[in-house]
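Asks: Before I ask anything, let me first share the structure, which is written out below as structure tokens.
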Amino acid sequence: MKSTDIEKIRELTDAELATKLEDLKKDLFNLRFQNAINQLENPMRLKATRKEIAIVKTIIRERELKAQA
């Protein structure tokens, strides 16, 4: 993921981040299901989706810590 993509994610509001995280988790579930029944065309999408979930969670946590300080 490019740094410009990460900056775009950082510009989202808290509600938008929560929605994006929920959507990514649904996508990951669907990708895992497709992988289990051998219908997944690009297995690298699993890794990319997991990474994007981690980025969103990190940004949410950074904001929580900033609010506490």
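Asks: Just one of LEU24, LEU17, LEU65 is loosely packed, with under 10 Cβ neighbours inside 10 Å and modelled with pLDDT of 95 or more; which is it?
Replies: Just a single option satisfies the conditions, and that option is LEU65.
Asks: In the range 27-55, what residues are among the polar types (S, T, N, Q) and either surrounded by 15 or more Cβ atoms within 10 Å (Cβ to Cβ) or under 27 Å from ALA67 (Cβ atoms) (or both)?
Replies: GLN34, THR49
Asks: A follow-up question, please. Under 8 Å between Cβ atoms, at least 6 apart or on separate chains: pull out the pairs that start in the range 3-19 with a residue that is of a type in the set (Val, Ile, Thr) and end on any residue that is surrounded by 11 or more Cβ atoms within 10 Å (Cβ to Cβ).
Replies: Pairs found: ILE6/ILE55; ILE9/LEU17; ILE9/LYS20; ILE9/ILE55; ILE9/VAL56; ILE9/ILE59.
The values are calculated or read from the model by the stated rules, or taken from the named source; none is laboratory data. Since the structure is predicted, the reported quantities are computational estimates derived from the model, not experimental observations. Cβ atoms come from the backbone with ideal geometry, glycine included; neighbour counts cover every protein chain shown.
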